[in-house]
Amino acid sequence: MRKISFGSRVFDAFNIFIMLLILVVVLYPILNIVATSFSSGKYISSGSVTIWPKGFTVQAYADVFKDALIYKGYVNSIIYAVGSTGIMLLFTSLLAYPLTIPGFAGKKFITIFLMITMFFSGGLIPTYLLMRSLHLLDTVWVMILPGAVGAYNVFLFRTFFSNVPAELKESAVMDGANDVVVLFRIVLPLSKALLATFALFGLVGSWNSWFEALIYLKDQDKYPLQMILRNYLFTLDTNAIQGRVGAGNVAINSSGSSLDPKAIRMSVIIITMFPIMAIYPFFQKHFTKGVLVGAIKG
């Protein structure tokens, strides 16, 4: 049995202390949000709620779920997240795979073109004008199509695809398979870790996105959940509690519950972040392999 030195023990103890400190820093705000969403208004207004609910009540959640826009926002966010992520994975794969083929004529031009986009962008106003010219404003597609291809993603996909054994591709070609068959029947099935990793990146990025909706969407029925959350956070006040909540058309019945606007805000935050927290454990195991293997080679 190898003897552990005193310095190693000190180092391990220090690491454990730092990790526990980070854990507390990360968990405390989440626990406080959960506790506040289940607490009575008098305890919230007095600032006595920490990580445990006081005056336990679910009235905030009951009132929030009366808002029809919450349900529409959920559906819209799912459509935007799944649609944009699926299109991103598909088009990124279709662009990255040809860059791994020896002798592909446009490889150098496409690589240079993609690298330029990593350093220069059109900016907000030209992008808005482009969306308007394409007649995508205030449509579902304006939340899905703009992120179809990213240069950084293409380069990582290219590197990952390059690690697939060439013998598998060659044997498939000898059996009569073309490049499309090789990509979808051999390369992509062997790249599940990469696809799962970037699928989660895409889902989280789309789910948390609200600025694009603010710029491109006018119809509230097309708002994603994050945009509705933003409206709750910015427009909800004491007067709104007594009449109507946030961006929706929900009459709030606060009789006997001393409902606090902060409880409404926190309950909406919990409702918004729950889906991502639920799916994260199913993708987390692919993170290290998906990212590191794709970054081994330049």
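The values are calculated or read from the model by the stated rules, or taken from the named source; none is laboratory data. The structure displayed is predicted, hence computed values, not measured ones. Don't worry about glycine lacking a Cβ; one is built from the backbone with ideal geometry, like all the others, and counts go over all protein chains shown. Note: accessible area is taken over every heavy atom of the protein model, side chains too, but ligands, DNA and RNA are not part of it. Shrake-Rupley method; radii C 1.70, N 1.55, O 1.52, S 1.80 Å.
A few points about this structure:
- In this structure, the pairs whose alpha-carbon distance is over 26 Å, taken from 42/222; 72/218; 66/218, are 42/222.
- About its Cα centre, the dipole of the chain is roughly 640 debye, where the only charges are +1 on Lys and Arg Cβ and -1 on Asp and Glu Cβ.
- Relative contact order of the range 96-238, defined on C-alpha pairs under 8 angstrom at six or more residues apart (%): 28 percent
- Stretched out straight at 0.36 nm per residue, the stretch from residue 28 to residue 16 would grow longer than its current Cα-Cα span by 2.5 nm.
- Given a 1.4 Å probe and the protein chains as shown, residue 262 ends up with an accessible area of around 80 Å².
- Residue among 165, 275, 102 with the largest mean-square fluctuation in a Gaussian network model of the chain, springs linking Cα atoms under 10 Å: 102
- Packing, as the average of other Cβ atoms within 10 Å across residues, places the peptides 104-111, 219-226 in the order 219-226, 104-111, highest first.
- The alpha carbons of the range 82-222 give a radius of gyration and a Dmax of 17.4, 54 Å, in that order.
- Residues of the chain: accessible area per residue with a 1.4 Å probe, Å²: 58 Å²
- The range 92-229 - charge dipole about Cα centre, Lys and Arg +1 at Cβ, Asp and Glu -1, debye rounded to 20: 220 debye
- The long axis of helix 192-207 is offset from the longest Cα principal axis of the chain by roughly 40 degrees.
- Enclosed volume per residue, in Å³, of the convex hull spanned by Cα atoms of the range 1-100: 243 Å³
- Degrees separating the helix 151-162 axis from the principal Cα axis of the chain, which is the longest one: 50 degrees
- Between the listed residues 94, 27, 216, the Cα displaced farthest toward the positive end of the dipole of the chain, a dipole computed from Cβ unit charges relative to the Cα centre, is found at 27.
- Cα-based helix-to-principal-axis angle, 6-37 vs the chain, degrees rounded to 10: 50 degrees
- Estimated from helices alone, the mean residue ellipticity of the chain at 222 nm is -20000 deg cm²/dmol (sum of -39500 (n - 2.57) over DSSP H runs with n ≥ 4, per residue).
- Relative protection proxy for 75-86, 6-17, 169-180, from highest mean packing down: 75-86, 169-180, 6-17 (other beta-carbon atoms within 10 angstrom).
- The value of relative contact order for the chain, using C-alpha pairs under 8 Å at least six residues apart, is 30 percent.
- Since only 136, 261, 64 are under comparison, the one whose Cα sits farthest along the positive direction of the charge dipole of the chain, derived from C-beta charges on Lys, Arg, Asp and Glu, is 261.
- Ordered by solvent-accessible area of protein heavy atoms (1.4 Å probe), largest first, the residues 26, 204 come out as 26, 204.
- Accessible area of the chain belonging to carbon and sulfur atoms, whole % at 1.4 Å probe: 69 percent
- Percent of Cα pairs exceeding the 25 Å cut-off, where the set is the chain: 63 percent
- In the range 1-49, the inverse of the mean reciprocal separation of distinct Cα atoms equals 13.7 Å; this is its Kirkwood hydrodynamic radius.
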